[in-house]
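First the structure, in the form of structure tokens, and then the observations on it.
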Amino acid sequence: MTGDVVVAVLHVAVVAAGAPLLVGVLRTLKARLVGRRGPAPWQPYRDLRKLFGKTPVVSTTTSWLFRVTPYVLMSTMITAALAAPVLSSRPPLAFAGIILLMYLLLLGTFFLTLAGLDAGSAFGGMGSSRAVAVAALAEPTVMLAVLALSLRANTTNLGGVVEGLAHEPLLAANPVHLLAFFAFFIVMLAEAGRIPVDNPATHLELTMIHEAMVLEYSGRHLALVEWASAMKLLLFLTLLANLFFPWGVPAVLAPGALVLGALVLTAKLLALTVAVAVLETAMAKLRLFRVPELLAGSFALALLSVTAVFLLR
Amino acid sequence: MTRGVYVLATLLGAAGAAVGITGMLGPPWSVEVGWVVPLGGLALAVDPLTGLFVALVGATSVPASIYAVGYAGGERRGSLAYLGFIAAMLLVPLANNVMTFAIAWELMSLASYVLVVRTRSDESAHAGWVYAVMTHAGLACLLSAMLLLSAWTGSGRFTDWAAAAPALGATARAVAWTLLVIGFLAKAGAMPLHVWLPLAHPAAPSHVSALMSGVMIKLGLYGVLRASFEWLGAGPLWWGPTLLLVGAVAAVGGVLYALVDRDLKRLLAYSSIENVGIIVIGIGAALTFRNAAADPLALLALTAALYHVVNHAAFKSLLFMAAGSVVHATGTRDLEALGGLARRMPWTAAAFFLGSGAIAALPPLNGFVSEWLTFQALLQNVQLPRPGLNLVFTLAIAALALTGGLAVACFVKAYGIGFLALPRSAAAESAHEAPPSMRAGMLLAAAACVALGLGASVVVQPLLAVAGALIPAPAPIRIGAGLTLQVSDGFASVSTAAVAVALAGALAVPLAALTLAGARRRPRRYETWGCGRLLQTARMEYTATAFANPFTRVFDFFYRPVRRLQIDAHPESRFFVSRIEYANPTRFIVDDWLYGPVERALRTAARWAVAMQSGSPNAYLGYVLAVLLLLLVLA
């Protein structure tokens, strides 16, 4: 029992503490790739500390929902961290499957998009409308990519998928796997608000999605929202790392195994972060109404992947 | 006096729920009274499936009737029809022969028709007309199939059909199934037979809309279940995939129309079409699995479908009641004229918020459980070794996932535009909270949404038993530790109760941490930031139309939007604009491609038929003679 609690706290702590660092490393890498020096990788921690120290300003037009949302958003991310196979293939919420995880993230999107509308500014509404459109259109791809994986592991349980696929050494060379990986990668970019779908570094109203939606937030509310967004990115990258490359994910909850799992995860995340940084540097942001085409492309990849499972069996 | 009618309706609903639950859990029984009606007499029978639907009608009538006390108040028109409507809906699943069924079904349609046209406006007259046409077209299909089956099997009693059906030829069964399914799906509102639904549901008073959407359309699905799983025996393989595709089209189409609608109640009506689609996907999956001899999976899919039937009754009646409170308080259903209601009517807003979360399938509420079960049933289609079927299932999974995402967007729009930010009209500005009886009705339905979500491990047992009565198979769902639903021996598992605990705990942690760190300073209240403009008005808010615009653009092949922009300039200079008129209506491809041509063909046929109507009695007598001679020759 105490062991379970310790593991659960460890899971959440790794995701919560690692998320700002991941964002910081990503920013540093991007800065170096374009020849800037950029801030230190731990700059996001400083930003969070600064924001937590400030008094939040809340619009007079808002209802209770606006003030509750940062906490609910954080709560969905913590629960998602408990449900995801982060350090081992036995997450604290052992029953959790990918569908639960996706709907938990949708719960956060639901609250955040409503909060965007609550202040009554056109920016918030615009951001909410776009964010919810991207989330809705990404959903079929997620499900089909999951289907491709679960068909091979014969379970939708996250831990089960990791353990089931870890026994196949030539996994990454399989077309099913590659197609599903690329489909899920595009969805990750969309859901986490990265280039080419959204630009996290902009405040230009024509292009922004996430930043427009959270424009009214300030102080500790903004800190929680930003922190939760970083956790979302970390969780998506972790899913990509551990579901599609399940090597080295321990299936036991011993302290040594967990440390090893953390090291392996760090290595995988670093590789994925480099990939994202290179991609973001090499690509421009897509026009908003080209984004659905990108998502349709990722859907086609996922559909091909599932069809390949049926044809190759 | 009219309040007494609604109290009576509440009692009738409670009695119905009690009868239904005993029927669901107890032994089956039946009564036949020969002399009441001709052609077979009155025949009633109860088995678990009947019990479930009777209980559902009864249980949904209770909050709706309590709500009606405050909503309809002393309004006399329609109160008796309301009572008759509930009684007829309770009778439909009980009917055990063609005659009883036809009477109950028609009574239900007539009572609801009376309620739809109650307000005597052009809108409700048109809605009533379309409803009457569609419901009778459906009845024609049902009656012809039922009479054919009676003739072929030699009995009008439903329970006799199951025994006699396997002896029928393949064509006979295909004809009967197609007619029955078309008739029942017309009542359920599946696309493209849905045209009456978005007209009739908003036109009816809200407690009636709650019942029409919550349970009446489910009786159509009840009929689909009976026809597909019982009356006609084991069918050919194409029945299931057909229903899967029909369900997928209804789910995606329904939610797409809901997404762009700005009438709050019509939005909910379209969302009912979406949910009927989700249920039909479940039924179609169950039928495919059953006819492919994968019985445990069929049982899982059917349980998921029944769970969604129950869930939809809970959250859709809740949403219609909350929408009714909004209409009651503001007199408008137009989202563009609402807003700011979360602060003016907190109870109603909370009810609508909870209903939105439930219908968007957000954990840990009830909609999540049934959609999750449906997904798990669909995902296991790999056990069927037929690539063609697998592909249909894959499409259904994608459709269901897209529906889930779009439903979130749709209800973010409904709640965010309708209830949040500043009021967009004087009516919304002066809105008031609903009276206690209306709040009590909503509270009951909201409690049901929460209980059906958190208590999934309890609710799923009787539903498995009901589904098991149609498909005998070992139960595919077991209850594990921590109230976990375990599907198909480790294929998947979930526990909404544990998720709720985790969410609540995770909500408390940051709050407690911030309080301990002394970082919870009181927020400063200030106006919304707006690029330095002088004052904020509701005209600066995002509108429902603008919110849905990305979807209109992405799915323009479906909506076929027409953009009309007219700018009137001042006569002196074209740079002084005096008026801008902008309209961006969407069109309905079903109307363009199906009902339009049918209507034109009917009109042409009518013009031809006019030639026969000369007004001369001699000519008419001649027609009679000619037909008589023709019949004699044919005989």
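The values are calculated or read from the model by the stated rules, or taken from the named source; none is laboratory data. Because the structure is predicted, anything quoted here is derived from the model rather than measured. Every residue, glycine as well, gets a Cβ built from its backbone with ideal geometry; the counts of neighbours run over all protein chains shown. Side chains are part of the model used for accessible areas, which takes the heavy atoms of the whole protein and leaves out ligands, DNA and RNA. Shrake-Rupley method; radii C 1.70, N 1.55, O 1.52, S 1.80 Å.
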Percent of accessible area on the stretch B:589-634 owned by carbon and sulfur, 1.4 Å probe? 75
Considering only protein heavy atoms and a 1.4 Å probe, what is the carbon-and-sulfur percentage of the accessible area of the stretch B:1-236? 72
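With the full set of protein chains in place, find how many percent of the accessible area of chain A is carbon and sulfur; take the probe as 1.4 Å.
Numbers: 7610 of 10810 Å².
On chain A, the fraction of accessible area on carbon and sulfur atoms equals 70 percent.
Using only the Cα atoms of the protein assembly as shown, build the gyration tensor, take square roots of its eigenvalues as a ≥ b ≥ c, and label the shape rounded, prolate or oblate: rounded if a/c is under 1.5, else prolate if a/b is larger than b/c, else oblate. Mind showing how you got there, number by number?
Details: a/c = 1.79, a/b = 1.42, b/c = 1.26.
It is prolate, given that a/c is not under 1.5 and a/b is the larger ratio.
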Only helices at least 27 Å long along their own axis, judged from Cα atoms, and with Kyte-Doolittle mean hydropathy of -0.5 or greater: name those in chain B from DSSP H. B:2-25, B:48-71, B:122-153, B:239-260, B:264-291, B:295-330, B:387-419, B:496-516
Could you name the lysines whose alpha carbon sits less than 27 Å from that of A:Lys50, not counting residues in the same chain fewer than 8 places away? A:Lys30, A:Lys232
Where the centroid of each part is defined by its Cα atoms, how far is the stretch B:52-119 from the stretch B:449-501 in Å? 31
Each residue of A:143-155 has, on average, a number of other protein chain C-beta atoms within 10 Å of its C-beta equal to 5
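Within a Cβ distance under 12 Å of B:Ile273, other residues only, what is the Lys/Arg minus Asp/Glu net charge?
Within the 12 Å Cβ shell, the charges total 0.
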Calculate, for the protein assembly as shown, the solvent-accessible area per residue in square angstrom, rolling a 1.4 angstrom probe over the heavy atoms of the protein chains. 37
Kyte-Doolittle mean at least 1.6 and Cα extent at least 27 Å along the axis: which DSSP H helices of chain A qualify? A:98-118, A:255-282, A:291-312
Considering protein heavy atoms only and a 1.4 Å probe radius, which residues within the stretch B:485-505 exhibit an accessible-area decrease of no less than 10 Å² in the full assembly relative to the chain by itself? B:Gly490, B:Phe491, B:Ala492, B:Ser493, B:Val494, B:Ser495, B:Ala498, B:Val499, B:Ala502, B:Leu503
Please give every one of the lysines within straight-line cross-link reach of B:Lys413, meaning a C-alpha to C-alpha distance under 23 Å, and leave out same-chain neighbours fewer than 8 residues apart. B:Lys265, B:Lys316
Here, A:Lys54 and B:Arg564, labelled 7 Å along Cα→Cβ, have an inter-label distance in nm of 4.8
Could you tell me the total accessible area buried at the B-A interface, probe 1.4 Å, in square angstrom to the nearest hundred? 6700
Mind checking which aspartates and glutamates have their C-alpha under 18 Å from A:Lys285, skipping anything on the same chain fewer than 8 residues away? A:Glu191, A:Asp198, A:Glu205, A:Glu211, A:Glu293
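Quote to one decimal, in nm, the extra length available between B:Ala14 and B:Ala475 on full extension: 0.36 nm per residue of separation minus the C-alpha distance between them.
On the way: separation 461, 0.36 × 461 = 165.96 nm, distance 3.02 nm.
Full extension of this stretch gives 162.9 nm more.
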Once phi is turned into θ = phi - 60°, what whole-Hz ³J(HN,Hα) does the Karplus curve with 6.51, -1.76 and 1.60 give for every residue of the stretch B:576-582, x standing for Gly and Pro? 9, 7, 9, 7, 10, 10, 10
I'd like the residues of the stretch A:91-119 whose 1.4 Å-probe accessible area shrinks by no less than 20 Å² going from the isolated chain to the full set of protein chains. A:Leu93, A:Phe95, A:Ile99, A:Leu100, A:Tyr103, A:Leu104, A:Leu106, A:Leu107, A:Phe110, A:Leu114, A:Leu117, A:Asp118
